[in-house]
Amino acid sequence: MQLRSVTKTFGGVAANVDISFDVMQGEILGLIGPNGAGKTSLFNSISGEVSPDKGTIHLEGQQINGTGPLACARAGVARTFQVVRSFDSMTVLENVMVGAFSRTARPREAMRAAQDVLAFAGLDARADAPAHQLTPPEKRRLEIARALATQPRVLLLDEMLTGLTPTEAAGGVALIRAVRDKGITVVMVEHVMEVLLPLVDRAVVLNLGRVLMQGTPAEVVRNPDVIRAYLGDKYAA
Amino acid sequence: MSVSVLDPGVAAPADNAILRRRRRELLLGALLLVPLGALPFLVSDVYTQNLIITTVLFAGLSQAWNILGGYCGQISLGHALYMGIGAYVSTMLFTRAGVPPTVGMFAAAAVAGAVALLVGWPCFRLSGHYYAIATVVVGEIGYLLFLNWEWVGAASGIYIPLGADSVVNLQFRTSKLPFHFVVLAFAAVAWVAAWLIEGSRWGFAWRAVRDDVTAARSLAVRVFPSKMAAAAISGGLTGMGGAIYAQYVGYIDPDSVLAGHWSILIALPAVLGGVGTLWGPLLGAAVLIPVSELTRSYLGGSGQGVDLMIYGGLIVVVALARPAGLVSLFGVKGRA
């Protein structure tokens, strides 16, 4: 996936300015930066929720920016949300079937596919529970399962590990690795650096809507600009 | 590249709660047809028979409303428009062109469904309360148009001339009882439509739209077409019910089929019984219609408003005690 000069302003506020980077197929890419850096805005542009003012986003050669959420989902972009959005009147299995129906019109196939994805996400024991009864970490898993049911090429995870206990987060990390092992590219926004950095192959650091730097986790933690953006000038060596 | 985590095999899904529930509900529906069909024969007085027929008709109308208002979550308060248009289409076809109402009711469904699409086109750009208010306004516009439209009888309405007993013409001079099977068939059609929708891709899309539009969109659910399809089916079935109702009462005017309170009366059984459930509309109608009729007959000429006040009271009680509707008494999970 290639992003080139993606720019998005809301009113007078520049959420994303001239953002360009590549996401390699099959990698886990971290998208980090302080609050208000424009991470979620960028996700909304990639998933088609909003249309960037300038710039292009290509997925496997196909331009997806400005095509809307439907076309982006069909092209292979799936996402989770910072604030969990489950279909609360439905069961867990039914939630995932909504995603599976994006690839088949046949209920039995969708059900079968949803069951497979639930087993993969470790939620099969909860298949018939109403979605609103899930614990917070289970709800995060449900969102991932639902997104996977659309058979994506790229999965966007918005703060999927935030707010979890270390044990829960470890489970989430294992699931993300398993997703990548299926060949699905993962782009994740995360605040918790100590969880994120060991997990990702590369990271892109955003600050004030711009790309501050990109590189391996080791390069990121050594970068004085990153330290300044996160901790202030005092700590920059 | 192949990135699917899904097994492309087409093996049948393991037996699970969804499939079991759907089979159980279909069986229950089929079994219920027997007592429901026999019900009016167990009572001898015409008043009670009429009450039963009206109750079943409203179960069907409210199920039709439930398809849009319940499953798709688009609270329409203008369904009187579709009921009225259905009534007028079949009645005009019958009185002017001699088309039998058994045929006319399908034309009524088609026209009412098409009108529902026309209404949905602008109104579905609004959501939540704004949509509901828009449907109220559209319903009132329809009422006023028909009130002043000479060709369809304007305010004086249309009498349906009563001919010989005829199944094709849905005319039964000697007894109202055959109508019971007409309304029961209608209610069954509406119920089966809801049952089929529940298990289909459409039903999943509609419920997703109702629960969370943003999440639905991110899963490639087509939001606007989903609402339009729900509106067309809901409006069409309501129009069919209107056609049957016109034939049942033998006279229609804007007040008797298009007035705003019909929109409320169509929506209330589903709301009381359980929005977005298979049994809510029937259960709600079984409670509301008898209560309404009984209060009307006991309170006599003390005004149309009293039965609606009791309706309102019932809704408040149920909303406080059973927010998911009466079906939750039976362990059915409503949408709330």
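The values are calculated or read from the model by the stated rules, or taken from the named source; none is laboratory data. None of these values were measured; they are calculated from a predicted model. Don't worry about glycine lacking a Cβ; one is built from the backbone with ideal geometry, like all the others, and counts go over all protein chains shown.
Anything in region A:111-152 that is in contact with a Gly (Cβ under 8 Å, 6 or more places away or on another chain) and surrounded by fewer than 20 Cβ atoms within 10 Å (Cβ to Cβ)? List them, or say none.
Answer for region A:111-152, where residues must be in contact with a Gly (Cβ under 8 Å, 6 or more places away or on another chain) and surrounded by fewer than 20 Cβ atoms within 10 Å (Cβ to Cβ): A:GLY122, A:PRO136, A:PRO137.
Being buried (at least 18 other Cβ atoms within 10 Å of the Cβ) and either more than 14 Å from every other protein chain (Cβ to nearest Cβ) or outside any strand (DSSP E or B) (or both): is that true of A:PRO198 here?
no
Mind checking which residues of region A:107-164 are more than 13 Å from the chain's Cα centre (by Cα), touching a residue at least 24 places away in the same chain (Cβ under 8 Å) and part of a loop (DSSP other than H, G, I, E, B)?
The answer is A:ALA121, A:GLY122, A:LEU123, A:ALA127, A:ASP128, A:ALA129, A:LEU134, A:ALA149, A:THR150, A:GLN151, A:GLY163, A:LEU164.
Pick out the one residue from A:VAL187, A:VAL204 that is surrounded by 22 or more Cβ atoms within 10 Å (Cβ to Cβ), modelled with pLDDT of 90 or more and in contact with a Phe, Trp or Tyr (Cβ under 6 Å, 6 or more places away or on another chain).
Selected residue: A:VAL204, the only one of A:VAL187, A:VAL204 that is surrounded by 22 or more Cβ atoms within 10 Å (Cβ to Cβ), modelled with pLDDT of 90 or more and in contact with a Phe, Trp or Tyr (Cβ under 6 Å, 6 or more places away or on another chain).
What's the total number of residues in region A:59-97 that are more than 8 Å from chain B (Cβ to nearest Cβ), assigned to a loop (DSSP other than H, G, I, E, B) and over 19 Å from the mean Cα position of the chain (by Cα)?
Looking only at that region, the number is 1.
Among the numbered criteria (1) of a type in the set (Val, Ile, Thr); (2) more than 14 Å from chain B (Cβ to nearest Cβ); (3) in contact (Cβ under 8 Å) with a residue 24 or more places away in the chain; (4) surrounded by fewer than 24 Cβ atoms within 10 Å (Cβ to Cβ), which single criterion is violated by A:ILE19?
The single condition A:ILE19 does not satisfy is (4).
Quick one: would you say A:GLY183 is under 23 Å from A:MET97 (Cα atoms), in the same structural domain as A:VAL17 (by TED's automatic domain parsing) and in a loop (DSSP other than H, G, I, E, B)?
It is true that A:GLY183 is under 23 Å from A:MET97 (Cα atoms), in the same structural domain as A:VAL17 (by TED's automatic domain parsing) and in a loop (DSSP other than H, G, I, E, B).
Looking at the structure I just gave you, is A:ALA147 small (Gly, Ala, Ser) and within 8 Å of chain B (Cβ to nearest Cβ)?
yes
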